[in-house]
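Take a look at the structure set out below.
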Amino acid sequence: MRIAVCPGSFDPVTLGHLDIIERAARIFDKVVVAVFTNPQKTPLFSMEERVDMLLEATGHIPNVEVDASSGLLSDYALKLGAQVIVKGLRAISDFEAEFQMARMNKKLAPSIETMFMMTANEYSYLSSSIVKEVARLGGCVGQLVPQGVARRLAEKAGRS
Ligand code: PNS
């Protein structure tokens, strides 16, 4: 069975993430979307909230599972029996950090490949950070994130 891990902070999941997950699910037998702690970021949503939002957003894709971990991604992928780590790549600005992580994960777990999927054009400017900023300042994010996420962002901003 071909298993892929889609790792990320998902704080929160956006339609850009969802597009990558859906496309990966068409290629692999099973896709595990794994929410990780990124020590360089202070999350708006708790791990449990991020997992809940992903469960809601991916409920229509039968071969997708959602999980959470606070350890090393390479260990997680090995334990899962995954062959591939799938990540979305937006623009040149993503490349340096992604290249570094991919090389480090290869060093830690040589049997696991990292594969990059080009983000769809319509989501190439989208990030969880920009969505959070727009929502916090009262902008409409309804076309950028799943419905449940838009509702939770409005709640966090005190507009519900
Ligand atoms: O959505 P993000 O914040 O860009 O995702 C980054 C993430 C969570 C994939 C990365 O921080 C990660 O892999 N964290 C797990 C801990 C780990 O393995 N760190 C070493 C990475 S080479």
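The values are calculated or read from the model by the stated rules, or taken from the named source; none is laboratory data. Owing to the predicted nature of the structure, the values given are computational and were not obtained by experimental measurement. Reconstructed Cβ throughout: ideal geometry from the backbone, glycine too, with neighbour counts over all protein chains shown. All accessible areas refer to the heavy atoms of the entire protein, side chains included, with ligands and DNA or RNA removed. Shrake-Rupley method; radii C 1.70, N 1.55, O 1.52, S 1.80 Å.
Dividing the helix sum by the residues of the chain, where each DSSP H run of 4 or more adds -39500 (n - 2.57), gives a mean residue ellipticity at 222 nm of -13000 deg cm²/dmol. When Rg and the Kirkwood Rh are both derived from Cα coordinates, the Rg/Rh ratio for the chain amounts to 0.95.
Sorted on the mean count of surrounding Cβ atoms within 10 Å across their residues, most packed first, peptides 53-59, 134-140 read 53-59, 134-140.
Arrange the peptides 79-89, 115-125 so that the one whose residues have, on average, the most other Cβ atoms within 10 Å appears first.
Going from most to least packed, we get 79-89, 115-125.
Split the accessible area of the stretch 3-125 by element, probe 1.4 Å, and carbon with sulfur accounts for 56%.
Within the same chain, lysines fewer than 8 places from Lys107 are excluded, and of the rest, those with a Cα less than 19 Å from its Cα are Lys79, Lys87. Residue separation of Asn121 and Gln83 scaled by 0.36 nm, minus their Cα-Cα distance, works out to 10.9 nm of gained length. Solvent-accessible surface of the chain, taken per residue with a 1.4 Å probe and all protein chains present: 56 Å².
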